[in-house]
Amino acid sequence: MTGLVIRGSRNIFTLRDDGGGETECRIKGKVLKGVEGYYNPLAPGDRVEFEPDPEHPGTGLILSLLERRNAFTRFNQKGQSSQLLAANVDVVFCVTTPASPPFRPRFLDRALLQGDIANIPPVVVCNKYDLSDNDPDVEERLEDFIRIGYRVLRVSAHTGEGLDEFRDLAANRFSVLVGQSGVGKSSIINALAPGMGLKTGALTEKYDRGSHTTTMARLVEIETPAGPARITDTPGVRRLVPDGIGPGDLVFYMREFAPLAGRCSYGLSCTHVTEPGCKIMEAVAAGVIHEDRYESFLRIREELFLKESASEYGKNP
Ligand SMILES: Nc1nc2c(ncn2[C@@H]2O[C@H](COP(=O)(O)OP(=O)(O)OP(=O)(O)O)[C@@H](O)[C@H]2O)c(=O)[nH]1
Ligand SMILES: [Zn+2]
């Protein structure tokens, strides 16, 4: 039998089969081939093969992972490994707010980057837009995200503004919502669901903040006029440490930086901080790269350097 992972911790997963039934499963033999090294072996969106567990009637055993097209991950610092948030994703909704909690463009920089690293189109969702008051600082950054090639949705789970556009993007796709705690990820799903024959009860029960909360993403299916939207809601993350690239790769994954990579006088060895003839610094001065994005770039690169040296230290203690 095959099933779709709709939620899971590090070792117990809920699968939905083609008939719509749900089965709680463990991994047969404890280790799943092909996913070694991840903090958690499976995430919502994964498809697996499973069989009934003869020892625990009503539950199942996962035998293998069907090919995973892509994965939205983050670097789990505690586990020093890649943590899967969702698999087989078509679009990443990077959720932020103009206020309450405060606008966090640096979080967006990181979430957008991770989408681009995983080759999953990321979209900015500015929720609670009813609270925006056309804040010029927020508008300036939202417009800059548009300028460098991202789609930006201004929505409100409370007033319904922008939700049609969101629904259209989510229909017939697998998507994932990422954002800091309290930006309204669950509220967006709840706002889309009423009257559509959807179970949303599970969404109002808040995630357990205890031990395994970080892996408790869950996939919900919402009927829309255009077709079903399969959306994975993830628990709020405080920080996103980019996963899957080293410090030297960063310049290739930030959209407006990438065309300048290698074009500085010092080529790829340029640190873009002090060197004459640095195309990145010239672009910042010319307003082609926003100062805040440059600041994000420097911080993320520093973090990636630290991560790299930590992992080298780990290999040769
Ligand atoms: N004014 C306003 N408040 C909103 C909106 N969307 C959500 N909220 C409120 O923001 C608070 C947090 O919303 P949640 O949906 O729980 O946020 P979340 O991102 O799922 O939070 P975590 O589950 O902790 O990651 C709730 O009190 C919501 O009522 C909105 O569009 N406008
Ligand atoms: Zn440079």
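Values as computed for the structure displayed
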quantity	calculated
Prolate/oblate/rounded call for region 127-173, Cα gyration tensor, a/c under 1.5 rounded	oblate
Heavy-atom accessible area per residue - the chain, 1.4 Å, Å²	47 Å²
Note, ³J(HN,Hα) from phi for region 287-293, Karplus 6.51, -1.76, 1.60, rounded to Hz, x at Gly and Pro	x, 7, 10, 5, 3, 5, 5
With all protein chains modelled, accessible area of Val284 [1.4 Å, Å²]	30 Å²
Accessible surface of region 247-315, 1.4 Å probe, proportion on carbon and sulfur as whole %	56 percent
With DNA, RNA and ligands ignored, accessible area of Met281 (1.4 Å probe; Å², nearest 10)	50 Å²
Rounded to whole Hz, the Karplus (6.51, -1.76, 1.60) HN-Hα couplings of region 244-249, x for glycine and proline	x, 9, x, x, x, 8
Gap separating the Cα centres of region 241-313 and region 59-129, nearest whole Å	21 Å
CD proxy at 222 nm, helix term only [per DSSP H run n ≥ 4: -39500 (n - 2.57); per residue of the chain; nearest 500]	-7500 deg cm²/dmol
Peptides 78-87, 132-141 ordered by average Cβ neighbours within 10 Å, highest first	78-87, 132-141
Accessible carbon and sulfur surface of region 41-146 relative to its total accessible area, %, 1.4 Å	49 percent
Qualifying GluC sites (Glu not before Pro) in region 1-47, DSSP loop, other Cβ atoms within 10 Å at most 14	Glu36
Under Karplus coefficients 6.51, -1.76 and 1.60, residue-wise ³J(HN,Hα) of region 127-133 in Hz, glycine/proline x	7, 6, 5, 4, 9, 6, 6
Cα gyration tensor shape of region 2-65, rounded if a/c is under 1.5, else prolate or oblate by comparing a/b with b/c	oblate
Prolate/oblate/rounded call for the chain, Cα gyration tensor, a/c under 1.5 rounded	oblate
Area accessible to solvent at Cys126, 1.4 Å probe radius, in Å²	0 Å²
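The values are calculated or read from the model by the stated rules, or taken from the named source; none is laboratory data. Predicted model, so just to flag it, every value in this text is computed and none were measured. Here the Cβ is made from the backbone with ideal geometry for all residues, glycine too, and neighbour counts use every protein chain on show. Accessible surface areas use protein heavy atoms only, side chains included; no ligands, DNA or RNA. Shrake-Rupley method; radii C 1.70, N 1.55, O 1.52, S 1.80 Å.
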